[in-house]
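Novice: Below is the structure I would like to discuss, written out as structure tokens.
The values are calculated or read from the model by the stated rules, or taken from the named source; none is laboratory data. This structure is a prediction, so every number in the text was calculated from the model and none was measured. Here the Cβ positions follow ideal geometry from the backbone for every residue, glycine too, while neighbour counts run over all protein chains shown. In case anyone asks, the SASA skips ligands and DNA or RNA and just uses the protein heavy atoms, side chains included. Shrake-Rupley method; radii C 1.70, N 1.55, O 1.52, S 1.80 Å.
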Amino acid sequence: MIELVLGGARSGKSRYAEQQALASGLPVVYLATAEAGDGEMSARIAHHRQRRPAEWTTLEEPVALAEAITAQTGRGQCLLVDCLTLWLCNVLFDKQGNLHEDRFRRHSAALFDALDASGERIILVSNEVGMGVVAADAMTRRFVDEAGFLHQKLAQLCDKVVLVTAGLPQILKHV
């Protein structure tokens with residue numbers, strides 16, 4: 001089963017996803033996509049690490065997510081990916097904010113192939129970023145658009161889709 005967990009910043013989506021992974025009863029591999037580019041992000045990463053059970057395996061992969069999923073396939077475990085919007089930013093733009101269309105398309109296609117072929121229990125966490133005002137700059141608008149397209153494609157592929165708001169999970173789809 002593949003589950004997509006969406007929510008805004010500090011909505012409780014990661015905590016919900018972690019609870020789902022724990023409830024699976026399977027060994028958990030946490031695929032982290034964040035990179036600590038500043039002190040505030042380092043603090044966020046540290047907070048997430050402190051919450052995780054010690055027996056969970058953590059793999060950090062900011063770009064080659066499809067390859068990481070494929071490498072973990074066939075082991076009878078739960079893969080928790082947190083978070084897809086950070087991964088999207090990493091593959092869509094470089095550190096200077098330059099768009100990398102080819103890299104983005106290649107990694108996106110590979111991700112869908114890896115998810116489709118996996119057969120593992122996978123929980124994907126992502127920020128729902130398209131519910132606010134239209135951004136003033138082209139880079140942010142492109143990011144929001146691609147996040148929305150990514151979520152729509154994932155929602156079709158996933159068995160379960162949950163929106164977490166104020167710590168409350170709302171099931172949008174469950175097959």
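Novice: Being within 15 Å of ILE2 (Cβ to Cβ), among the hydrophobic types (A, V, I, L, M, F, W, C), at pLDDT 95 or above and open to solvent by 50 Å² or more (accessible area, probe 1.4 Å) is the filter here, so list the residues in region 158-175 that pass it.
Specialist: Result: ILE171, LEU172.
Novice: Which pairs turn up if I take residues in region 95-108 that are free of Cβ contacts under 8 Å to residues at least 40 places away in the same chain and look for partners that are of a type in the set (Phe, Trp, Tyr) and open to solvent by less than 80 Å² (accessible area, probe 1.4 Å) with beta carbon separation below 8 Å, at least 6 apart in sequence or on another chain?
Specialist: HIS100/PHE93
Novice: Here's a follow-up. Please work out which one of (1) among the hydrophobic types (A, V, I, L, M, F, W, C); (2) open to solvent by less than 40 Å² (accessible area, probe 1.4 Å); (3) under 15 Å from TYR30 (Cα atoms) is the condition PHE93 fails and give its number.
Specialist: If we test PHE93 against (1) among the hydrophobic types (A, V, I, L, M, F, W, C); (2) open to solvent by less than 40 Å² (accessible area, probe 1.4 Å); (3) under 15 Å from TYR30 (Cα atoms), just (3) comes out false.
Novice: So if I check each of VAL129, VAL133, VAL175, which one is closer than 24 Å to ARG15 by Cα, free of Cβ contacts under 8 Å to residues at least 24 places away in the same chain and not hydroxyl-bearing (Ser, Thr, Tyr)? Don't jump to the end; show me each part of the working.
Specialist: Details: VAL129 fails: free of Cβ contacts under 8 Å to residues at least 24 places away in the same chain; VAL133 fails: closer than 24 Å to ARG15 by Cα.
Checking each option against the conditions leaves just VAL175.
Novice: What is the number of the single condition among (1) surrounded by fewer than 17 Cβ atoms within 10 Å (Cβ to Cβ); (2) outside any helix (DSSP H, G or I) that ARG103 does not meet?
Specialist: The single condition ARG103 does not satisfy is (2).
Novice: Next question. Identify, from the list GLU18, GLU60, the residue that is farther than 14 Å from LEU84 by Cβ, under 13 Å from the mean Cα position of the chain (by Cα) and at pLDDT 95 or above. Show your work before the answer.
Specialist: Details: GLU60 fails: at pLDDT 95 or above.
After applying the criteria, what remains is GLU18.
Novice: Further question: For residues that are of a type in the set (A, V, I, L, M) and within 21 Å of ARG15 (Cβ to Cβ), scanning just region 50-75, find the one that is most open to solvent (accessible area, probe 1.4 Å). Steps first, answer last, please.
Specialist: Let us first name the residues in region 50-75 that are of a type in the set (A, V, I, L, M), namely 54, 59, 63-66, 68-69, 71.
Next cut, within 21 Å of ARG15 (Cβ to Cβ) only: 54, 59.
Working: ALA54: 102, LEU59: 60 Å².
Among them, the one singled out is ALA54.
Novice: Something else now. Tally time: how many residues in region 13-49 are assigned to a loop (DSSP other than H, G, I, E, B) and open to solvent by less than 30 Å² (accessible area, probe 1.4 Å)?
Specialist: Number satisfying all stated conditions: 2.
Novice: Something else about it: Return the residues of region 106-157 that are of a type in the set (A, V, I, L, M, F, W, C), assigned to a loop (DSSP other than H, G, I, E, B) and open to solvent by 60 Å² or more (accessible area, probe 1.4 Å); say none if nothing qualifies.
Specialist: Once the filter is applied, which keeps residues that are of a type in the set (A, V, I, L, M, F, W, C), assigned to a loop (DSSP other than H, G, I, E, B) and open to solvent by 60 Å² or more (accessible area, probe 1.4 Å), region 106-157 yields MET131, VAL133, VAL134, ALA136.
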